[in-house]
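To start, the structure under review is shown below, and the notes come after it.
The values are calculated or read from the model by the stated rules, or taken from the named source; none is laboratory data. Just so it is clear, the model here is predicted, and its values are computed rather than measured. Glycine also receives a Cβ, built like all others from the backbone with ideal geometry; neighbour counts cover every protein chain displayed. We work out accessible area using only protein heavy atoms, side chains counted, and drop any ligands, DNA or RNA first. Shrake-Rupley method; radii C 1.70, N 1.55, O 1.52, S 1.80 Å.
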Amino acid sequence: SSQPTLDTYGHARKCWQAVQLHDPTGPLADHSLMATANASFKRGRFEEAAYNYDLLRKEYPKSIHQLDAHRLGAESRMLIYKGSTYDGGPLDAADEVVDQTLVQFHTELGDERERLVQAKNKIVEERAERDLRIAEYYDRKKCYGSVRYYCKEVIDGYPHTKAAAKARKRLTEIEGLPDEPPNRFRWLTGMFKSND
């Protein structure tokens, strides 16, 4: 048969979906799902890709594509994550998949193990940076008691990260500063108390 001249991706996707829909337990179902996920990944549609890799991992546990579905599923989730000021859900999902991959395929990973360990380290760094953002928020408000609390949380939870180094430095800088900003309206609140 000849290849379609327009929207080859759309046609291929319909074929893969037809296999999954009409023969979900057949010999090609996991292959078609993996092809769908890979095509989405290559086109930069990382949410679609992650969804399909997750589906393959859960619905076809005996598939030959399990290792790649785990690895690329984690990578997709990392690519969905937009940074510390955005939703942390994709980061949590990536962390879960990386952990599963390291445990489930520990003997089969080979060189891929190092990449997954690096991904895990990156996730830890990103989580620490998210927590440090909270300290920075209170820092802008001069609520140094809260800054101290959240900086210590970062240091205790993620001691070897760049964020922990920043937190240690900031704790030194704010040493001796009051926990709360000065109340500039004390005279006003005092007036209301005396009227009572």
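Some notes on this structure:
- Lysines with Cα under 18 Å of LYS14, excluding same-chain neighbours fewer than 8 positions away: LYS42
- Translational diffusion coefficient (Stokes-Einstein; Kirkwood radius from C-alpha pairs) of region 77-188 at 25 °C, 0.890 mPa s, in µm²/s: 154
- Annotation: aspartates and glutamates with alpha-carbon distance below 17 angstrom to LYS82 (same-chain offsets under eight excluded): GLU47, GLU48, ASP92, ASP95, GLU125, GLU126, GLU129, ASP131.
- Applying both filters, DSSP loop and at most 15 other Cβ atoms within 10 Å, to the trypsin sites (Lys or Arg not before Pro) of region 27-95 gives ARG43, ARG45, LYS62, LYS82.
- Per-residue HN-Hα couplings for region 131-145 [Karplus 6.51, -1.76, 1.60; θ = phi - 60°; Hz; x = Gly/Pro]: 5, 5, 4, 5, 4, 5, 4, 5, 4, 5, 8, 6, 8, 5, x
- Candidate lysines - alpha carbon under 27 Å from LYS142, same-chain residues fewer than 8 apart omitted: LYS152, LYS162, LYS166, LYS169, LYS193
- Region 33-80, accessible surface, carbon-and-sulfur percent (1.4 angstrom probe): 51
- Per-peptide average of other Cβ atoms within 10 Å, ordering 167-176, 29-38 highest first: 29-38, 167-176
- In a DSSP loop and with at most 14 other Cβ atoms within 10 Å, the GluC sites (Glu not before Pro) in region 94-132 are GLU108.
- Our estimate of slack between LEU177 and GLU96, defined as 0.36 nm per intervening residue step minus the Cα-Cα distance, is 25.2 nm.
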